[in-house]
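Data block below; observations after.
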Amino acid sequence: MPQGVMTLARYILSRQDTFPDNTGEFSNVMLLIGVAAKTIAWELRRAGLVEDALGLTGEINVQGEQVRKLDDYANEVFLKTFQDTGLVCTIVSEELEGPEHLMQPCTPGSYALLVDPLDGSSNVDMNINTGSIFAIQRRRFCGDDEADLLQAGRKQVAAGYILYGPSTILTFTTGHGVHMFTLDAAIGEFVLSAQSLTIPERGTYYSVNQGNSRRWQPWLRTFLDYLQTEDKASKRPYSLRYVGSLAADIHRTLLIGGIFLYPSDTKSPKGKLRLLYEAAPMAMLLEQAQGQAITDQGEAILDIEPSQIHQRVSVIMGSPYEVGLAQKFLQQSKVPVLG
Ligand code: P6P
C-alpha cells in the first residue's frame, strides 16, 4: 500500500481528539461500522450470482413492508458485527420491532446504534443504489424501555450512511464536519475521498417522488411548480433527479446541491421516512455540511423530540437557497387571504 494512504483506521486514530470519548471505544464503533459496510457491499456485489440471495423472504416487518432476503442479511450483519464486542449496548433497527440489547446491564453513557441496515432494498434486485443509514447515541439511563432511545437528533454523537453503488462510499460526521471514504477493493480499506465537505449554496436539481404530487399539500405543489417554471434570471427550470434510495439522493444533494423532499401526503400523513434512523442522521449530515433539514411544517428535524422509535416524519433537506425558498412558500401559505 503506497505510504500516506489515509484509510478510515488511520483517519480515526489520528483524530481521536475530535471523537466523543478518549477511551477509543467510539473509534472502534466507527471501525466496526466500516467492517459491516464491507461485508454488506461484498454480498450485494455477488447477490445476482448467488442462488436464493435476491427476492423476498415472505415476511412483513414492523413497518408493514415486505422483507427482502438482503434486508434480513444486512440486519444480521450489523447485529453480529457488534455482538460480544462490549462496544454497543443497544441496536435499534428498521427490521426489528423493538430495541435489541447486546449488553446486560447496559451502563449510562454506553453507545446505542440506530440503523436502517439496507435502505432502498427494493432497488437491489435491479442493481440500483442502496444504502445503510446509521446514527449513534449515548444511553442516558438504562433499562429495556425505549424511552432512553427517544432522543432528539441534536443529541446524536455521530451519523452517516454507506452508499452501495459503482463505488462503496462511507460518509459520516461526529459533529466536526462531513467526511467521505471510498472503498478501495484492492486493499480492502475505506480511503479518505472528501474531507469537511460543504453543500453548494444552491443547486439545479430537485428530488421527489413526483408520482405522489396529487396527494401533496397545495403550497408544496405551488413550490415545485415554481421550480419547474422557465425563468433564466433565476436559473429555472430545475431538473428532477430521484433514485428512490435515500442514501443515493442525499449523496448527490450533498455533492452538487439542490433539494430533496419526502413530504407528508394524504397517503402518508406523517411522511414516509423514519425519524431516528433515516431523517435525523441525514439531517445531521446536512447541517454539518452547512445545509438545512426541516419538516414540511418548517420545523428543524434535529429539534424533534421522538415519541416512538419507528415514527415517521416529513423531510425537506438540501442547499440553504432551495430549503429557504421552500420555507418562504410555506410561510406564504399561512398568510390569511383577505376576502
Ligand atoms: P418511494 C426506500 O424505501 C425509502 O425508505 C428511502 O430510501 C427513499 O427515499 C424512499 O423510501 C422512497 O420511497 O415511495 O418514493 O418509493
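The values are calculated or read from the model by the stated rules, or taken from the named source; none is laboratory data. Fair warning: this is a prediction, and the values are worked out from it, not measured in the lab. For neighbour counting, all protein chains shown are included, and Cβ atoms are generated from backbone atoms with ideal geometry for every residue, glycine included.
For the reader, a short list of remarks on this structure follows.
- Flag for I294 being touching a Phe, Trp or Tyr at 6+ places or on another chain (Cβ under 7 Å) and either surrounded by fewer than 22 Cβ atoms within 10 Å (Cβ to Cβ) or within 13 Å of V323 (Cα to Cα) (or both): no
- Filter result for A283 (within 12 Å of the ligand (Cβ to nearest atom) and more than 13 Å from Y206 (Cβ to Cβ)): no
- Cβ pairs under 7 Å, 6+ apart, first in the stretch 32-46 and touching a residue at least 40 places away in the same chain (Cβ under 8 Å), second surrounded by fewer than 19 Cβ atoms within 10 Å (Cβ to Cβ): L32/T85; K38/G188
- Across the stretch 252-259, not a single residue is classified as over 22 Å from the mean Cα position of the chain (by Cα), surrounded by 13 or more Cβ atoms within 10 Å (Cβ to Cβ) and not assigned by TED's automatic domain parsing to the domain that holds D71.
- Some residue of the stretch 39-50 being of a type in the set (G, A, S), out of contact with any helix residue (DSSP H, G or I) (no Cβ under 8 Å at 6 or more places or on another chain), outside the structural domain of G271 (by TED's automatic domain parsing) and farther than 21 Å from M126 by Cβ: no
- Selection of strands (runs of 3 or more DSSP E) fully inside the stretch 70-154 by the criterion of at least 2 residues being under 26 Å from S245 (Cβ atoms) and within 14 Å of the ligand (Cβ to nearest atom) returns 111-119, 130-138.
- Qualifying positions in the stretch 159-186 - under 18 Å from G120 (Cβ atoms), among the small types (G, A, S) and surrounded by fewer than 18 Cβ atoms within 10 Å (Cβ to Cβ): S167
- Conditions (1) more than 18 Å from S132 (Cβ to Cβ); (2) surrounded by 14 or more Cβ atoms within 10 Å (Cβ to Cβ): number failed by G58: (2)
- Qualifying residue in the stretch 109-117 (condition: surrounded by fewer than 20 Cβ atoms within 10 Å (Cβ to Cβ), modelled with pLDDT under 95, farther than 19 Å from L32 by Cβ and in the same structural domain as R68 (by TED's automatic domain parsing)): no
- So L240, is it among the hydrophobic types (A, V, I, L, M, F, W, C), surrounded by fewer than 21 Cβ atoms within 10 Å (Cβ to Cβ) and within 16 Å of the ligand (Cβ to nearest atom): yes
- Residue in the stretch 226-248 that is closer than 30 Å to L32 by Cβ, assigned to a helix (DSSP H, G or I) and of a type outside the set (G, A, S) present: yes
- Pairs meeting the criteria (first residue in the stretch 63-74 and at positive phi, second residue within 12 Å of the ligand (Cβ to nearest atom) and in a strand (DSSP E or B), beta carbons under 9 Å, at least 6 apart or on different chains) are lacking.
- Annotation note: of G64, G48, the sole residue that is surrounded by fewer than 18 Cβ atoms within 10 Å (Cβ to Cβ), modelled with pLDDT under 85, in a helix (DSSP H, G or I) and small (G, A, S) is G48.
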